[in-house]
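The numbers here are math on the coordinates, done by the rules we state, and not lab data. Computed from a predicted model, the values in this text were never measured in an experiment. Note that each Cβ is placed from the backbone with ideal geometry, even for glycine, and that neighbours are counted across all protein chains shown.
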Amino acid sequence: MPDDFSPVIRTDIPHSARIWNYWMGGKDNFDIDRVAGDAGAEVDPDIVTMAVESRQFLVRAVRYLAAEEGIRQFLDIGTGLPTMQNTHEVAQSVAQDSKIVYVDNDPMVLAHARALLVNTTPEGVTTYIDCDYHQPEQIIADAHNVLNFSQPIGVMFMGVLGHARTYEDMRRIVSTVMDAVPSGSYLTLWDGTIDSQAYVTLCENYAKTGGVPYIPRPREEIRAVFDGLEMVSPGFVSLTQWWADGTDEDDEASEARPISAYCAVARKP
C-alpha cells in the first residue's frame with residue numbers, strides 16, 4: 001500500500017504536502033499534485049483559503065510566542081514543504097537566538113529541509129529530525145540533542161494530525177510530547193473538521209487517489225487535545241478568527257468568516 005512514509009519519492013501519486021504547497025502558491029509540486037489540487041478546489045473552494053490562512057496562523061502564533069511569551073525553542077512536528085515565513089524565520093526575526101527543530105519523515109520534505117531550513121541568524125539553531133510522528137518518544141529523544149527540556153518549548157502540529165491512523169493515536173502523539181515538555185511550554189495546533197461536507201468529500205476523494213488518507217474530525221475531538229492546558233485568547237476558534245493581543249495591532253481576523261479548520265494556542269501550567 002503506498003504511503004507517505006516510503007523512502008522513494010513517488011511522482012505518480014498525489015502527495016498532501018505537495019498539494020498543500022500548490023494551494024499556497026508554491027512551486028514544489030508535480031503535475032499529479034496540481035491535478036489533484038485543482039480537483040479538490042472544485043469540490044471545496046475554501047481549501048485554498050484554508051491553506052493561506054494556515055500559514056498566517058503559524059506566523060501570528062510563532063510571533064506571539066516569541067515576542068509576548070519569550071519562547072526561544074520550537075518543536076515543529078509534521079513540517080511539510082518549506083514555503084514562505086517558516087517557523088524559524090518568524091521566531092528568529094523576533095529573537096535571534098531562537099532554536100527550531102523541525103520533524104518530518106517524508107523524503108521530499110527532508111530534501112527541501114536540508115536546502116531551505118537554515119539559520120537566519122548566527123546565534124540561532126535550525127535543524128530537522130527524520131522521524132514519523134507516530135513515534136513521539138523517538139522525536140523527544142532526538143530533540144533532546146538540540147532543545148533544553150528544562151526550559152519552555154513551543155510544540156506545533158500544524159494541520160498534520162488528520163494523518164494520524166486513529167483518534168486515539170492523535171491523542172497519544174500530542175499527549176506524549178506535551179508530557180515531556182516543562183511547565184510554561186505551549187501547544188499550537190490546527191486541523192480540519194467535519195463542519196463542511198465539501199471538505200469531508202474532498203478528503204474522501206483524496207484517499208481514493210492512493211494518497212495517505214487525511215481524516216477530518218469533529219470539532220470537539222480536536223478541542224479535547226487541549227484538555228488540561230490554558231488557552232490563549234481568543235481560545236479554540238476557526239483559523240480565520242485566531243488572534244492574540246500584541247500580535248498585530250491591525251488584526252481584524254476575529255470578524256472573518258469561519259471555515260472548517262479550527263486552532264488554538266495553549267499553555268502547559
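A few remarks follow.
- Note on A256 and Q138: with the Förster distance fixed at 41 Å, the Cβ-Cβ geometry gives a FRET efficiency of about 0.60.
- For the chain, the membrane-span-like helix rule (DSSP H, alpha carbon extent of at least 27 Å along the helix axis, mean Kyte-Doolittle at least 0.0) picks out 46-68; this says nothing about an actual membrane.
- One chain, two ends: R267 and D12. Fully extended at 0.36 nm per residue, the span grows by 87.6 nm beyond their Cα-Cα distance.
- Taking every DSSP helix (H) stretch of at least 4 residues in the chain, weighting each as -39,500 (n - 2.57) and dividing the sum by the residue count yields a mean residue ellipticity at 222 nm of -11500 deg cm²/dmol.
- Listed residue pairs exceeding 29 Å between alpha carbons, taken from K208/K268; K27/K268; K99/K268: K208/K268; K27/K268
- If both residues of a DSSP beta bridge must be in the chain, then about 35% of such bridges are antiparallel.
- Taking a sphere under 14 Å around the Cβ of A95 and counting the other residues whose Cβ falls inside, with K and R at +1 and D and E at -1, yields a net charge of -2.
- Note on the chain: with a GNM built from Cα contacts shorter than 10 Å, the maximum mean-square fluctuation among I32, I71, I19 falls on I32.
- Were the residues from R172 through E204 laid out at 0.36 nm apart, the gain over their Cα-Cα distance would be 9.1 nm.
- Each eigenvalue of the Cα gyration tensor of segment 126-262, multiplied by 5 and square-rooted, gives one semi-axis; in descending order these are 25, 23, 13 Å.
- Summarising the amide proton neighbourhood of A261: residues at separation of 5 or more, or on other chains, whose placed amide H is nearer than 5 Å comprise T193, L239.
- The modelled label-to-label distance between V118 and E42, using points 7 Å beyond Cα along the C-beta direction, is 4.1 nm.
- Formal net charge of residues neighbouring M50 (Cβ-Cβ distance under 13 Å; K, R +1; D, E -1): -3
- Per-selection metrics, the chain (Cα): Rg and Dmax in Å: 17.2, 49
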